[in-house]
Amino acid sequence: MDKLRIRGGRPLRGQIAISGAKNAALPLMAACLLTEETITLRNLPHLADITTLANLLAQHGVDIHLNGKGTSYEGRVVELSAKRIVSTMAPYDLVRKMRASVLVLGPLLARFGEAKVSLPGGCAIGPRPVDLHIKGLQAMGARIDIEGGYIVAKAPDGGLKGAEIVFPQVSVGATENLMMAAALADGVTTLVNAAREPEISDLAHCLIAMGAEIEGHGTDRIRIVGRKVLHGAVHDIIPDRIETGTFVMAAAITGGDLELIGARLDDIRSVATVLSGAEVAITETPRGMRVRRLNGHIVGVDVMTEPFPGFPTDLQAQMMALMCTAQGAAMITETIFENRFMHVPELSRMGANITVHGASALVRGVPKLTGAPVMATDLRASVSLVLAGLAAEGETVVNRIYHLDRGYERIEEKLSACGADMERLKETD
Ligand code: EPZ
């Protein structure tokens with residue numbers, strides 16, 4: 001398994017091009033199942049999770065043409081055609097690799113009237129149930145049984161019916177699955193307490209380009225009028241706000257000065273507000289945004305993760321790394337996932353002073369972190385260890401960086417180009 005060796009203490013200076021958003025690309029790829037015509041997605045990031053979903057779609061029978069080398073900084077172009085679907089089953093050995101595979105459930109059920117999708121199972125950050133996806137589809141008339149670890153779904157003879165679906169808690173994936181299913185249902189569907197993430201709006205924009213009738217996306221109430229058929233479309237994937245936030249914190253933690261090309265400040269307003277309290281200056285530029293410290297140091301600030309437009313849970317681990325060497329203390333509270341503090345023991349091995357009480361972690365700033373061998377556990381925890389390594393004195397080796405490759409495109413290239421002393425160690429085992 002590959003490792004990443006980092007020698008810390010060098011401020012990051014220069015520009016980084018932000019890739020297309022992983023969490024927009026995944027539902028957008030699943031949306032190709034809703035039509036027999038070709039969907040073309042541009043600015044596709046080159047990530048392991050994208051490849052995993054492409055493999056799943058291919059076994060359903062989707063024709064996939066991937067253009068672009070994936071080595072240049074602009075994203076790739078992928079053409080997806082679900083004209084000849086040969087299977088409506090998503091097998092366990094593919095779904096277990098990436099939970100977002102459950103996003104094929106709604107489109108398969110809506111277009112083909114049936115689907116057999118493996119329950120995704122939990123992951124490192126929590127049990128990750130899909131009960132809200134299932135309850136929403138049942139409200140639309142689907143019959144759903146759980147058999148041998150699989151969701152076995154069947155639509156009524158006349159197809160799914162529009163319904164009002166009230167989410168007891170905000171769910172990004174359930175909002176996406178049900179918005180896609182509703183696009184081909186008979187009648188009107190209203191999603192109440194819907195997720196408001198930019199990735200939801202991006203999916204809605206693509207569905208509308210395919211002929212769907214959707215309004216309210218980006219708010220907590222989305223109304224979809226079902227269509228009999230949807231057609232092909234060409235869609236540009238939005239930039240990745242989590243990658244943006246990650247590199248904002250990389251500039252801040254190293255005392256550097258970065259311009260993030262293609263980044264959208266509107267997508268990280270809550271992060272910018274919190275960071276202004278930490279004395280990190282984020283200013284818009286014609287090409288994106290510029291990030292640097294305001295007064296040469298970082299100040300400890302409290303943060304609580306919330307659904308969008310609140311502070312994103314996917315930036316909690318990165319924020320915690322930044323707070324480790326802040327002046328003062330920071331209370332970090334995780335409200336979305338049950339077990340998203342696995343970066344804490346690893347940061348502590350680098351000299352951080354963090355105390356966890358249930359869903360909150362109290363970070364007391366220390367003058368410096370010290371490099372150490374550390375273990376990546378999940379995607380965002382891994383990148384928080386990279387950030388800590390960039391700031392730490394000495395050498396840090398991050399193990400199991402396959403977690404990183406799931407969500408960050410060529411991170412060592414992008415950071416080395418801005419002065420980081422980083423290299424990927426290919427492991428033979
Ligand atoms: C999406 O996951 C993202 N993944 C996650 O990013 C992100 O952390 C999460 O949204 C929250 O923003 C993708 O978009 C591919 P949820 P998702 O449904 O859809 C509970 C990353 O690092 N819940 O909004 O799975 C759930 O357990 C990943 O890129 C139910 O109880 O998240 C969690 O506690 C990690 N029942 C909360 O809701 C359900 O049916 C939010 O989950 C569904 C969810």
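Where helices (runs of 4 or more DSSP H) fall entirely within segment 336-429, those with at least 1 residues that are out of contact with any Lys or Arg (no Cβ under 8 Å at 6 or more places or on another chain) and among the acidic types (Asp, Glu) are at 343-349, 402-405, 411-416.
The single condition among (1) touching a residue at least 24 places away in the same chain (Cβ under 8 Å); (2) more than 23 Å from the chain's Cα centre (by Cα) that residue 279 does not satisfy is (1). Of all residues in segment 152-163, none are within 30 Å of residue 400 (Cβ to Cβ) and in contact with a helix residue (DSSP H, G or I) (Cβ under 8 Å, 6 or more places away or on another chain). Of all the listed residues (185, 153), the sole one being more than 25 Å from the chain's Cα centre (by Cα), under 16 Å from residue 31 (Cβ atoms) and at pLDDT 95 or above is 185. The one condition from (1) closer than 21 Å to residue 36 by Cβ; (2) in contact with a strand residue (DSSP E or B) (Cβ under 7 Å, 6 or more places away or on another chain) that residue 200 does not meet is (1).
Okay, residues lined up against (1) within 16 Å of the ligand (Cβ to nearest atom); (2) within 30 Å of residue 17 (Cβ to Cβ); (3) touching a residue at least 60 places away in the same chain (Cβ under 8 Å); (4) in contact with a strand residue (DSSP E or B) (Cβ under 7 Å, 6 or more places away or on another chain):
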{"position": "275", "(1), (2), (3), (4)": "no, yes, no, yes"}
{"position": "289", "(1), (2), (3), (4)": "no, yes, no, yes"}
{"position": "326", "(1), (2), (3), (4)": "no, yes, no, yes"}
{"position": "329", "(1), (2), (3), (4)": "no, no, no, yes"}
{"position": "335", "(1), (2), (3), (4)": "yes, no, no, yes"}
{"position": "367", "(1), (2), (3), (4)": "no, no, no, no"}
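Here 146, 151 are screened, and the one residue that is touching a His at 6+ places or on another chain (Cβ under 9 Å) and either more than 21 Å from residue 226 (Cα to Cα) or among the hydroxyl-bearing types (Ser, Thr, Tyr) (or both) is 151. So which residues in segment 119-139 are near the ligand (Cβ under 9 Å from one of its atoms), in contact with a helix residue (DSSP H, G or I) (Cβ under 7 Å, 6 or more places away or on another chain) and under 23 Å from residue 180 (Cα atoms), if there are any at all? If the condition is that a residue be near the ligand (Cβ under 9 Å from one of its atoms), in contact with a helix residue (DSSP H, G or I) (Cβ under 7 Å, 6 or more places away or on another chain) and under 23 Å from residue 180 (Cα atoms), then 120, 128, 130, 132, 133, 136 are the ones that fit. Contact map, segment 412-425: residues that are under 19 Å from residue 244 (Cβ atoms) paired with residues that are assigned to a loop (DSSP other than H, G, I, E, B) and among the acidic types (Asp, Glu), Cβ distance under 6 Å, separation 6+ or inter-chain. No pairs are found. For segment 343-364, taking the residues that are surrounded by 20 or more Cβ atoms within 10 Å (Cβ to Cβ) and among the small types (Gly, Ala, Ser), the one that is nearest to residue 123 (Cα to Cα) is identified as 361.
To keep it simple, each residue is scored yes or no on (1) β-branched (Val, Ile, Thr); (2) at positive phi; (3) touching a helix residue (DSSP H, G or I) at 6+ places or on another chain (Cβ under 8 Å).
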{"site": "358", "(1), (2), (3)": "no, yes, no"}
{"site": "365", "(1), (2), (3)": "no, no, yes"}
{"site": "371", "(1), (2), (3)": "no, no, yes"}
{"site": "374", "(1), (2), (3)": "yes, no, yes"}
{"site": "382", "(1), (2), (3)": "no, no, yes"}
{"site": "387", "(1), (2), (3)": "no, no, yes"}
{"site": "393", "(1), (2), (3)": "no, no, no"}
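Before we move on, is residue 38 at pLDDT 95 or above and surrounded by fewer than 22 Cβ atoms within 10 Å (Cβ to Cβ)? Criteria met by residue 38.
The values are calculated or read from the model by the stated rules, or taken from the named source; none is laboratory data. What you see is a predicted model, and the numbers here were worked out from it, not measured in a lab. Note: ideal-geometry Cβ built from the backbone for every residue, glycine included; neighbour counts use all protein chains shown.
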